[in-house]
1. In the chain, what % of DSSP beta bridges are antiparallel (nearest 5)?
2. Given points 7 Å out from each Cα along the Cα-Cβ axis, report the residue 127 to residue 7 separation in nanometres with one decimal.
3. Measure off 7 Å from each Cα along the Cα-to-Cβ vector at residue 80 and residue 28, then give the distance between these two points in nanometres to one decimal.
4. Please list, in order, the residues from region 61-85 whose amide nitrogen is less than 18 Å from a point placed 7 Å along the Cα→Cβ vector of residue 19.
5. Could you state the accessible area per residue of region 88-136 in Å², with a 1.4 Å probe and every protein chain left in place?
6. Counting only protein heavy atoms and using a 1.4 Å probe, what share of the accessible area of region 16-126 belongs to carbon plus sulfur, as a whole percent?
7. Which FRET efficiency value, to the nearest 0.05, do you get for residue 45 and residue 65 by plugging their Cβ-Cβ distance into 1/(1 + (r/R0)^6) with R0 = 25 Å?
8. Do any of 57/101; 84/106; 76/106; 75/101; 2/76; 52/101 go past 25 Å between their Cα atoms, and which?
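The values are calculated or read from the model by the stated rules, or taken from the named source; none is laboratory data. Bear in mind that the values here come from a model prediction, so they are computed numbers and not experimental data. Methodologically, a virtual Cβ is constructed for each residue, glycine included, from the backbone with ideal geometry; neighbour enumeration extends over all protein chains shown. Side chains are part of the model used for accessible areas, which takes the heavy atoms of the whole protein and leaves out ligands, DNA and RNA. Shrake-Rupley method; radii C 1.70, N 1.55, O 1.52, S 1.80 Å.
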Amino acid sequence: MKGIGINSTIENVLITSGSQQAIDLTGRLFINEGDTIICESPTYLAAINAFKSYDAKFVEVVMDDDGMVMEELEKKLNNHPDTKFIYTIPDFQNPTGRTLKLERRKRMIELANQYDVLIVEDNPYGAVRFAGEELPPPPLNILTQRIE
């Protein structure tokens, strides 16, 4: 974690038997029946299925070649003040393969702060870049620290 700029101690690390277990535990921890989850459209179906088991409602935000459209995200947040979190795959998004541009990452964090909403960043592919420029910093977590 330190290698990607996240300072953490062993007490803050949870080892799972795979990403799907981590997604399920995230849902178990954060979702109450009827909570609204905002996600990209389309998004990772297995995450949606995991979150559905906790009776969440889903609001989808359209994407273009640069990832989730922030103007649409803001409309959804405004129309759904009960949103629990934004679920996003910013690097090589599943299933589209799109990467959320740096300016949009910053805007997503600003909107999450403005609307007091968590961001759940699913980043299983961030370390497998074969071409192109890596967006500094890789995780939204680090970007959050720089904006606040």
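1. On the way: 2 of 16 bridges.
Here the share of antiparallel DSSP bridges comes out near 10 percent.
2. Distance between label points: 2.2 nm.
3. About 2.4 nm separates the two model spin labels.
4. 67-68
5. 56
6. Answer for region 16-126 is 46 percent, counting heavy atoms of protein chains only.
7. 0.70
8. 57/101; 2/76; 52/101
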